[in-house]
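To start, the structure itself, in structure tokens.
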Amino acid sequence: MLDRSAQLATRYVRTHEAARILGISPRTLEKYRCHGSGPTFRKLGGRVVYAVGDLEAWADQAACRSTSDPRYVEARAAGHAHR
């Protein structure tokens with residue numbers, strides 16, 4: 001479990017900034033959230049926020065070395081799901 005100081009140091013961003021960090025549109029991020037294929041988010045006081053570390057971890061899951069990498073096929077399929 002994270003210690004209290006680490007929890008307080010977590011930086012949260014709203015949807016528009018999270019989308020900018022990831023290089024995708026806010027609408028795409030909203031769709032991913034609805035379909036459960038996006039990064040982990042939190043609902044705080046009626047607002048959706050993302051921990052910057054969660055955005056980085058989600059993006060790292062899609063890392064591939066080539067188009068023949070099995071993870072590439074999965075990442076591509078996730079990006080096209082629910083269109």
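Rule-based calculations on the coordinates, nothing more; no lab input. Computed from a prediction, not measured in an experiment: that's the story for all the values here. In this analysis, Cβ positions are derived from the backbone assuming ideal geometry, glycine residues included, and neighbour counts consider all displayed protein chains.
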Per-residue counts of other Cβ atoms within 10 Å, averaged by peptide: what ranking do you get for 16-26, 37-47, highest first? 16-26, 37-47
Label points 7 Å out from Cα along the Cβ direction at residue 61 and residue 43: separation in nm? 2.0 nm
